[in-house]
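I have a structure here, written as structure tokens, and I will follow up with some questions on it.
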Amino acid sequence: MKYKRILLKLSGESLMGEMQYGIDNERVKQYAEDIKAVHDKGLEIAIVIGGGNIFRGLSAEKSGMDRAQADYMGMLATVINSMALQDALEKVGLKTRLLSAIKMEQICEPFVRRRAIRHLEKGRVVIFGAGTGNPYFTTDSAAALRAIEISADAVLKGTRVDGIYTADPEKDPAAVKYSEISFKEVYAKGLNVMDMTAFTLCEENKVPIIVFDMNKNGNFMKIANGEEIGTLVQG
Ligand code: UDP
């Protein structure tokens with residue numbers, strides 16, 4: 001394995017599969033199998049999941065809700081997704097712990113950094129729920145923050161696109177994929193990798209980001225093995 005400990009970021013939308021809303025259990029099962037395969041090779045895995053398949057604070061604000069109230073609802077959505085993934089991971093035989101940035105003692109542990117690290121050392125897959133616990137942030141920022149806190153070797157951003165392109169590949173057929181790019185080039189070219197707060201956190205703390213397509217079976221293993229199938233942001 002190229003890495004010892006990684007932070008895997010999955011968007012809420014990725015859990016929808018082909019659906020328009022909610023959680024596709026088949027997709028979650030596929031992720032759980034991919035995560036198990038990599039974990040079996042000895043990699044320590046922490047996960048942050050978004051909530052966009054259920055609720056997004058910003059969209060709710062546009063339709064008139066108070067932003068902070070809506071953001072807390074978004075954070076609760078991430079806990080629902082985290083619980084779905086936790087269940088699937090346990091079904092494939094992994095030991096897991098869900099740590100939430102908002103206290104919900106009946107269903108998960110509160111986030112305590114040292115405890116998270118201890119769980120990882122003991123071979124448990126750690127899921128960080130409820131984002132950063134603060135409104136006006138995103139789960140990308142939560143992923144960057146937690147990755148730094150647990151000294152992860154990289155943030156692996158699993159999306160439905162297989163890397164960072166010169167333009168949006170879904171709109172521009174001439175778009176070309178970068179296999180590697182620096183943080184500075186991403187700024188200079190105005191490319192969209194993660195939100196700026198998350199991106200800057202990674203840059204300042206020298207945590208590389210790898211963007212890859214998590215929806216293809218086996219891709220997570222390839223990335224964990226150091227194969228250049230996605231886009232690596234570093235330097
Ligand atoms: N959120 C928040 N603070 C955080 C993380 C998330 O307020 O630290 C809220 C925010 O409203 C966001 C929602 O939770 O819209 C879902 O998270 P996100 O949009 O990052 O999910 P993704 O796009 O990855 O599915």
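The values are calculated or read from the model by the stated rules, or taken from the named source; none is laboratory data. A quick note: this is a predicted structure, and the numbers were derived from the prediction, not measured. Reconstructed Cβ throughout: ideal geometry from the backbone, glycine too, with neighbour counts over all protein chains shown. Heads up: the accessible areas ignore ligands, DNA and RNA and are worked out on the full protein's heavy atoms, side chains in. Shrake-Rupley method; radii C 1.70, N 1.55, O 1.52, S 1.80 Å.
Among DSSP bridges having both ends in the chain, what percentage is antiparallel? Round to the nearest 5.
Roughly 15 percent of the DSSP beta bridges within the chain come out antiparallel.
Moving on. Rounded, prolate or oblate: which fits segment 81-122 when a ≥ b ≥ c are the square roots of the eigenvalues of the alpha-carbon gyration tensor, with rounded for a/c under 1.5 and prolate only if a/b beats b/c?
It is oblate, given that a/c is not under 1.5 and a/b is not larger than b/c.
Something else: Kindly report, to the nearest 10 Å², the accessible surface of His39 as traced by a 1.4 Å probe over protein heavy atoms only.
Per-residue accessible area (His39): approximately 30 Å².
Now for a separate question. Mean residue ellipticity at 222 nm from the helices of the chain, using -39,500 (n - 2.57) per DSSP H segment of n ≥ 4 over the full residue count, to the nearest 500 deg cm²/dmol?
-11500 deg cm²/dmol
Mind listing the long-range amide H neighbours of Ser100? Cut-off is under 5 Å, sequence gap 5 or more, other chains count too, H placed in the peptide plane at 1.01 Å from N.
Glu109, Phe111, Gly129
Right, here's the next one. Counting Lys and Arg as +1 and Asp and Glu as -1, what is the net charge of the other residues whose Cβ lies under 10 Å from the Cβ of Asn217?
With Lys, Arg at +1 and Asp, Glu at -1, the net is -1.
So for Tyr187, Tyr136, Tyr165, what's the accessible-area order with a 1.4 Å probe, most first?
Tyr136, Tyr187, Tyr165
³J(HN,Hα) across segment 65-74 via Karplus (A = 6.51, B = -1.76, C = 1.60, θ = phi - 60°), whole Hz, x for Gly/Pro?
7, 5, 4, 5, 4, 5, 5, 4, 4, x
Kindly sort Leu43, Leu201, Leu191 by accessible area of their heavy atoms, largest first, with the probe set to 1.4 Å.
Order by accessible area, largest first: Leu201, Leu191, Leu43.
Given Lys177/Lys222; Lys91/Lys122; Lys9/Lys122; Lys122/Lys206; Lys62/Lys184, which pairs have Cα atoms separated by over 28 Å?
Pairs exceeding 28 Å: Lys62/Lys184.
Give me the dipole magnitude in Debye, nearest 20, for segment 91-229 about the Cα centre, with unit charges on the beta carbon: positive for Lys and Arg, negative for Asp and Glu.
So the magnitude is around 780 debye.
While we're looking at this one, here's another question. How large is the Kirkwood hydrodynamic radius of the chain, in angstrom, based on all distinct alpha carbon pairs?
One decimal place: 17.7 Å for the Kirkwood radius.
Calculate the dipole size of the chain relative to its Cα centre from +1 charges on Lys and Arg beta carbons and -1 charges on Asp and Glu beta carbons; express the result in debye to the nearest 20.
The dipole magnitude comes to about 760 debye.
With a 1.4 Å probe and all protein chains kept in place, how do Ile209, Ile107, Ile102 rank by accessible area, largest first?
So the residues, ranked largest to smallest area, are Ile107, Ile102, Ile209.
Can I ask one more? Which value, in Å² rounded to 10, gives the accessible area of Phe111 with a 1.4 Å probe and all protein chains present?
Answer for Phe111: close to 50 Å² accessible.
Using a 1.4 angstrom probe and counting only protein chains, how large is the accessible area of Arg113 in Å², to 10?
Spelled out: Arg113, probe radius 1.4 Å, area about 90 Å².
Heavy-atom accessible area per residue, the chain, 1.4 Å probe: how many Å²?
With the other protein chains kept in place, the chain gives 48 Å² per residue.
Which percent of the accessible heavy-atom area of segment 41-195 goes to carbon and sulfur, probe 1.4 angstrom?
Percent of accessible area from carbon and sulfur atoms in segment 41-195: 50.
Residue separation times 0.36 nm, minus the C-alpha to C-alpha distance between Asp24 and Ser182: what's the value?
That works out to 53.4 nm of additional length.
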